[in-house]
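Working notes, beginning with the structure itself.
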Amino acid sequence: MDKEPSGLSSTGSKSAGGFGLFGSAGPQYSKTELAGVPLTGMSPLSPYLNVDPRYLIQDTDEFILPTGANKTRGRFELAFFTIGGCCITGAVFGAVNGLRMGLSETRNMAWSKPRNVQILNMVTRQGATWANTLGSLALLYSAFGVIIEKARGAEDDLNTIAAGTLTGVLYKSPGGLRGAARGGLVGLTLSGLYALYNNWDHLKGNSPTRY
């Protein structure tokens, strides 16, 4: 009966004293032997993993901020998004409202080219009007917010409420003192509700506030 080669173990792997094809080789172990080796300080994901899995966890930010920069965008950076978003929202709302008004005003007319033109004119007119209105309000609000933030040197809910109130006052100022007061009250109410919504989790004690 043939003998088993001296350089191989019973599991088919090379022993510590075996030789490789191009000279001596390091000790080779079978999968069964490696499976029972404990990995100190490592998660038991795989017996062949030679990297600590803790180094693969990214617990820090993946970007580098300039010196003195904040992780959250300020009012000046958010102003462009606010103005553009309000213009788009106003255009969409105005178009839908113009379509409703056009269909209501031409309900006694038969479907024809004059009726289609009238409805289209109503849609474009209302869309432009509402886009201009909301865009102007967003521009005033953003400008007041940036000015107040630079003047106070702080960013908090007081800036939001003050900017909303001044926006309402200035926008309704052509209507006189009473109109300016009503506009300021509306701006104060809306900005106060927004500040309350923005800090609702903080008021309940769940998470810190974010401006």
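Every number here is computed from the coordinates shown, using simple stated rules; none is lab data. Keep in mind that what you see is a predicted model, and the values were worked out from it rather than measured. When we count neighbours, we look across all protein chains shown, and the Cβ atoms used for this are built from the backbone with ideal geometry, even at glycine.
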statement: A chain fully extended from Ile88 to Asp201 at 0.36 nm per residue, minus the present Cα-Cα distance, gains in nm 37.8 nm
FRET E, pair Asn108, Ala128, Förster distance 35 Å, beta-carbon r, rounded to 0.05: 0.85
- prompt: If r is the Cβ-Cβ distance from Val96 to Gln118 and R0 is 22 Å, what FRET efficiency results, to the nearest 0.05?
  reply: 0.85
task: Would you tally the net charge around Ala138, using a Cβ to Cβ cut-off of less than 15 Å, leaving Ala138 out, and scoring K and R as +1, D and E as -1?
output: 0
- prompt: Over all distinct alpha-carbon pairs, what is the Kirkwood Rh of region 124-205 in angstrom?
  reply: 13.6 Å
- prompt: Can you give the extra length, in nm with one decimal, that the chain gains between Leu139 and Asp156 once fully stretched, where that is 0.36 nm per residue apart less the Cα-Cα distance?
  reply: 4.2 nm
- line: In whole µm²/s, the translational diffusion coefficient that Stokes-Einstein assigns to region 73-177, given a Kirkwood hydrodynamic radius over C-alpha pairs, 20 °C and 1.002 mPa s, equals 137 µm²/s
- prompt: Roughly how many nanometres apart are two label points built 7 Å out from the Cα toward the Cβ at Ile147 and Ala181?
  reply: 2.3 nm
